[in-house]
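Undergrad: Can you read through this structure? Questions will come right after.
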């Protein structure tokens, strides 16, 4: 059983959504990525999403674009993402780690080489924003054969036929984009997202994660009521940058940021929910 599958099975028994923070490799400091990853886990993260720096991140908003630019300016590459995971695994063999980014760096490294290096480093899943199922017929089976999941994005505008393809080809979980637009854009309509997920479940039995619009503990708790994973990126990336600018340690800032989100998810699916159930 993969780490991702094992995590979702455990959390289903706890009746709680997974908390999945996103950080960019090499940002806000080139040598702080691994300590930030550990800080997030210590603060309550269940799974980590690690950004692979790329020069043309078309799906990302200004916050993550700027993080990628800072990372690239510091010399960060896909190889550094793999090194960070390898270092993280020296002290954490349980927390699933997903690499998120774009296809170009993977193609430059070579698909077969990338899969081998990712598996050896301890990566659990890969999400390539610009690699839809039609373009992933070779990479997805290769990842799966190496024990890695290929995770796909589903947007509000994704057609029914493509949703079905994703349900057939993907593994690990499905990442639902809650907003039309880039990361960090707009506000989140939790009721509309819940309705969309109900339709998506007709195409897949995989757990459903929601991102692009989770800003704080309140929105995390709202989404955690109906999704199997709550994914937060831009707000965390901003928090880390501001904390480092103030001279704070990145790992401490990561831990401080994630704790209230974890507490909110625990309340929405923990003792408070049990009290509500008993009252009905």
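The values are calculated or read from the model by the stated rules, or taken from the named source; none is laboratory data. All figures in this text were calculated on a predicted structure; none of them were measured in a lab. Every residue, glycine as well, gets a Cβ built from its backbone with ideal geometry; the counts of neighbours run over all protein chains shown.
Undergrad: Restricting the first residue to segment 112-124 and requiring it to be farther than 20 Å from residue 51 by Cβ, which pairs with a second residue that is modelled with pLDDT under 95 and not in a loop (DSSP other than H, G, I, E, B) meet a Cβ separation below 6 Å and a spacing of at least six or different chains?
TA: Cβ pairs passing all conditions: none.
Undergrad: I'd like to check something: does segment 187-196 contain any residue that is part of a helix (DSSP H, G or I), surrounded by 15 or more Cβ atoms within 10 Å (Cβ to Cβ) and touching a strand residue (DSSP E or B) at 6+ places or on another chain (Cβ under 8 Å)?
TA: Scanning segment 187-196 turns up at least one residue that is part of a helix (DSSP H, G or I), surrounded by 15 or more Cβ atoms within 10 Å (Cβ to Cβ) and touching a strand residue (DSSP E or B) at 6+ places or on another chain (Cβ under 8 Å).
Undergrad: If you scan segment 229-247, which residues turn out to be buried (at least 21 other Cβ atoms within 10 Å of the Cβ) and outside any strand (DSSP E or B)?
TA: 233, 234, 236, 237, 240
Undergrad: Also: Residue 166 versus (1) touching a helix residue (DSSP H, G or I) at 6+ places or on another chain (Cβ under 6 Å); (2) in a helix (DSSP H, G or I); (3) surrounded by fewer than 19 Cβ atoms within 10 Å (Cβ to Cβ): which is the lone unmet condition?
TA: All conditions pass for residue 166, except number (3).
Undergrad: Any residue that is modelled with pLDDT of 95 or more, in a helix (DSSP H, G or I) and within 21 Å of residue 119 (Cβ to Cβ) - is there at least one of those in segment 67-77?
TA: No - not one qualifying residue is present in segment 67-77.
Undergrad: Go through segment 149-163 residue by residue and tally those that are assigned to a loop (DSSP other than H, G, I, E, B) and closer than 14 Å to residue 209 by Cα.
TA: Residues in segment 149-163 being assigned to a loop (DSSP other than H, G, I, E, B) and closer than 14 Å to residue 209 by Cα: 4 in total.
Undergrad: Being crowded, with 17+ Cβ neighbours inside 10 Å and in contact with a helix residue (DSSP H, G or I) (Cβ under 8 Å, 6 or more places away or on another chain) is the filter here, so list the residues in segment 1-28 that pass it.
TA: Residues satisfying the conditions are 16, 17, 18, 19, 21, 22, 23, 24, 25, 26, 27, 28.
Undergrad: Here's something else I'd like to know. Would you mind telling me which numbered condition in (1) buried (at least 16 other Cβ atoms within 10 Å of the Cβ); (2) more than 18 Å from the chain's Cα centre (by Cα); (3) closer than 19 Å to residue 1 by Cα residue 205 fails?
TA: For residue 205, the failing item is (1).
Undergrad: Considering segment 223-244 alone, what residues qualify as being free of Cβ contacts under 8 Å to residues at least 40 places away in the same chain and more than 18 Å from residue 37 (Cβ to Cβ)?
TA: Of everything in segment 223-244, those that are free of Cβ contacts under 8 Å to residues at least 40 places away in the same chain and more than 18 Å from residue 37 (Cβ to Cβ) turn out to be 226, 242.
Undergrad: Here are some conditions: (1) within 22 Å of residue 7 (Cβ to Cβ); (2) touching a strand residue (DSSP E or B) at 6+ places or on another chain (Cβ under 6 Å). Residue 155 meets all but one. Which one does it not meet?
TA: That leaves (1) as the condition not met.
Undergrad: Within segment 86-104, can you find the residues that are farther than 13 Å from residue 143 by Cα and buried (at least 19 other Cβ atoms within 10 Å of the Cβ)?
TA: Answer for segment 86-104, where residues must be farther than 13 Å from residue 143 by Cα and buried (at least 19 other Cβ atoms within 10 Å of the Cβ): 88, 95, 96, 97, 100, 101, 102.
Undergrad: For residue 171, indicate whether it is at pLDDT 95 or above and in contact with a strand residue (DSSP E or B) (Cβ under 7 Å, 6 or more places away or on another chain).
TA: When the stated conditions are applied, residue 171 passes them.
Undergrad: Which numbered condition in (1) over 16 Å from residue 102 (Cβ atoms); (2) not in a helix (DSSP H, G or I) is the only one that residue 175 fails?
TA: Of everything listed in (1) over 16 Å from residue 102 (Cβ atoms); (2) not in a helix (DSSP H, G or I), residue 175 misses just condition (1).
Undergrad: Can residue 122 be described as closer than 14 Å to residue 82 by Cβ and surrounded by 19 or more Cβ atoms within 10 Å (Cβ to Cβ)?
TA: When the stated conditions are applied, residue 122 passes them.
Undergrad: Condition first: surrounded by fewer than 18 Cβ atoms within 10 Å (Cβ to Cβ) and part of a helix (DSSP H, G or I). Can you find one or more residues in segment 41-60 that meet it?
TA: yes
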